[in-house]
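> One structure follows; several queries about it will come next.
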Amino acid sequence: MRALALPARQVTALCKGAAKAGYVVEVKIGDVVMRLVPASHAQETAKVDDNEDFRL
């Protein structure tokens with residue numbers, strides 16, 4: 001398998017086309033799956049308390 005270099009404009013076109021069709025872009029590379037979702041549907045980033053002492 002060879003690397004696929006996509007310019008930003010092509011990535012944008014894929015995302016807009018998928019959204020217009022009611023889909024989300026999903027890219028699978030080996031065992032890794034990356035989903036590109038609109039910011040309006042993204043989960044909020046969890047806030048971390050820097051002063052909290054975590055021990056595992």
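Bear in mind these aren't lab numbers, they're just calculated from the coordinates by the rules spelled out. All values derive from a computational prediction rather than experimental measurement. In this analysis, Cβ positions are derived from the backbone assuming ideal geometry, glycine residues included, and neighbour counts consider all displayed protein chains.
> Lysines within cross-link reach of residue 28: Cα-Cα under 26 Å, excluding same-chain residues under 8 positions apart?
16, 20
> I've got another one for you. Restricting to DSSP loop positions (anything but H, G, I, E, B) with no more than 15 other Cβ atoms inside 10 Å of their own Cβ, which trypsin sites (Lys or Arg not before Pro) remain in the range 1-50?
2, 47
> Then there is this: So if R0 is 22 Å, what FRET efficiency would residue 6 and residue 37 give, r being the distance between their Cβ atoms, rounded to the nearest 0.05?
0.80
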